[in-house]
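Worksheet: the structure to be examined is printed underneath.
Read-outs: derived from the displayed coordinates by stated rules, not from any lab. The model shown is predicted, which means the values in this text are computed figures rather than measured ones. Neighbour counts are summed over all protein chains in view; Cβ atoms, including those assigned to glycine, are modelled from backbone coordinates with ideal geometry.
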Amino acid sequence: MLKQLKALGAERFVSLLLITFSVAEIYAALQLSMTEEFTLGPGALPLIYASGLLIFSCIMGLTPTEKEPAEESAPNSASIALPTLNYRDGLITFILVALFISSIYFVGFLGGTIIFSLLYVLLISKWPIPKAAAFALVWGGAVYFGFDHLLGVQLEPGILFGG
Amino acid sequence: MEMLNLLGEGFARIWDPWLLMMCFFGTFAGTLVGVLPGLGPSAAIAVLLPLTYGADPLTALVALSGIYYGAMYGGTITSVLLNVPGESASVVTTYDGYPMARQGRGGAALGVAAIGSFIAGTIGLVFLSLLAVPLSRYALNFGPPEYFAVMVLAFVMVSTLARGNMIKCFVALLLGLLLSTVGQDVVSGETRLTWGSMNLVDGVGFIPAVVGLFGLSEIIHDLINPSQFVDNSKSKIKLREVFLTWDDFRRTWGSMVRGGLLGFFVGVLPGAGATIASFLSYGLEKRISKTPEKFGTGMIEGVAGPESANNAASSGAFVPLLALGIPGSGSTAVLIGAFIILGIQPGPRLMTEHPDITWGLIASMYVGNGMLLAQNILLVPFFIWLLRVSRNIMPVIVATVCVVGVYSVDFSMWDVWLMLIFTALGYIFRVAGVPGAPLVIALVLGQSAEFALRQSLVISMGSASVFFTRPICVIVLATAAACLLYPLIRSKLRGLEETE
């Protein structure tokens, strides 16, 4: 029941999001020409796709959620997935990844990886500080060495380290 | 005879230590991707693709393809031991595989899956070898109208056959098509839907989209919905338990062969793929069984058939991919993207212009299939141990590899931010039941479909009748219409039957 309510809320949210997006893209497509000599212009297909997206998003938002197909639930209901959803860990991880990406501009990939790894294992895996620090340094070093030296992918050094 | 010669040349090409090593790396990485939660084959291929830029195209494709079909093997372990499918094609394995594990027969389940996958995978490869050349020769008659029609068929099939509500599939498809139009128009050179942003002039890259939708969002989902191993003692599987007994083999060899044949032909259909093949195989095994009521309680045939089918389907998916350049799933869409980035246009001319690459790739799949059998028999205890110990740090590893991998495509932080946006979108889509595969396929094929359509109209001086006067076009578009209308007609008929 909770799962169905959650799905319904998410459906409505996705529907609203896509309706807004498609309206904006219809406006943008209308600024382009619809025809060219003997063929469609650059604005034609974006207009068609955006209109179709608008229609189907409205239908999705207005019609109730159908029962999920059988493949989503096994006949033996002996799953031992934990009953409570752990939104905290999911949200923290998402925020940490966003902070990781932001930090790259300042401390580069090496620094960002170390900080991200450290914060993750401290906050989510709840490791003790020495173990967390050791893992963060080893993993950060391994990623930097592997990509920058072995594979020749030049990673952003960040403003602080000469970027 | 010609096929044997070409295959022989392919084996000669692949029999190189470096290529064999890349084949092993690809299949091992694929199995890991299937075993470990968070990074599906689509995202793994997308992330590892930039790292293969400097390599020979065959080397890169051997490794990336190995990830694709290797993941079919790996997804079984989590299905059996955690009741959580490692890959969508392993969903049905949980029906009987998990009960087998609870009865202390997890090793037998994993063993029959490995052997069945090998037998069926080999069957699929033989058919691939037989069909690829004639189909690509036939497809040489294709012009822009035929290509457009085939892509429409692929879009329709992937939307009607993909998991989930059809409306939601079309939402995902149309969003992918719309995103594929962002950037510079290939015909006129005008920029479209960029909203003045220079970052969008090159369009929405499919690698950030795939990694976000199938990689990081999977990690987030797994953190929010954690799962546990079946009772600890029963998940510690000894190597000898994985080897099948003669009795188990006698019971399941028929399921393996049936799964192989069914899986291959279903896999050829765009949009059908390994997931549908595994469900159809389960249904078939249950129907012909003398004890159908026992399915769902730990029947070994319920593992053998579907696991065989999903592997054969992965071989079948290479038929439209190599011969027509049409992907059948999100993973094969990423592989098509890989071909294009490596400078090789998949399609009928692939066989004539790059026979060494095509047949080298097919030969590598035979070798890879054998490697996977060995890995999934001998390394099962290792994979289980890895799954157990890595759960605390896997999200860090996957997230870091995703960020660095996406950055290394074009050395652009914009791509990394785009990946994060698609991560949020991927999670919300998942909760709302909107599938990601139609979006990815549309993103990869959308520009090609538009180009083919506009080219067709130029050829016909602006007349749409070009699509209704060419026989192949008519047949393909009629098939697409039938696929679109069939579910609607079927539900109406069901409604009428229930009323009566």
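Remarks
- Kirkwood Rh in Å, taken over segment B:314-445 so that all alpha-carbon pairs contribute: 17.7 Å
- Between helix B:166-180 and chain B: long-axis angle, C-alpha atoms, 0 to 90°, nearest 10: 50 degrees
- The per residue volume of the convex hull around the alpha-carbon atoms of segment B:1-115 is 118 Å³.
- Rule-of-thumb Rg ratio for chain B [Cα; 2.2 N^0.38 Å; N residues]: 0.95
- Alpha-carbon Debye profile of the protein assembly as shown, log10 I(q)/I(0) at 0.06, 0.11 Å⁻¹: -0.32, -1.16
- Calculated SAXS-style log₁₀ I(q)/I(0) at q = 0.10, 0.11, 0.20 Å⁻¹ - segment B:243-325, Debye, Cα scatterers: -0.25, -0.30, -0.79
- Of the chymotrypsin sites (Phe, Trp or Tyr not before Pro) in segment A:104-163, the ones in a loop by DSSP (not H, G, I, E or B) with at most 14 other beta carbons within 10 Å are A:F161.
- Cα-Cα P(r), segment A:87-150, percent of pairs per 10 Å interval: 24, 49, 25, 2
- Fewest-first sequence of B:I300, B:I475, A:I55 by Cβ atoms within 10 Å of each Cβ: B:I475, A:I55, B:I300
- Convex hull (Cα only) mean projected area of segment A:2-66, reported in nm² to one decimal: 4.7 nm²
- Using a simple spin-label model with pseudo-atoms 7 Å out from Cα toward Cβ, A:T63 and A:L91 lie 3.3 nm apart.
- For segment B:125-161 versus segment A:93-145, the gap between their alpha-carbon centres in whole angstrom: 46 Å
- The local environment of B:F295, defined by Cβ-Cβ distances under 14 Å, has a net charge of +1 under the rule Lys, Arg +1 and Asp, Glu -1.
- Dividing the summed -39500 (n - 2.57) terms of all DSSP H runs of n ≥ 4 by the residue count of the protein assembly as shown sets its mean residue ellipticity at 222 nm at -23500 deg cm²/dmol.
- In chain B, Cα pairs under 8 Å separated by at least six residues give a relative contact order of 28 percent.
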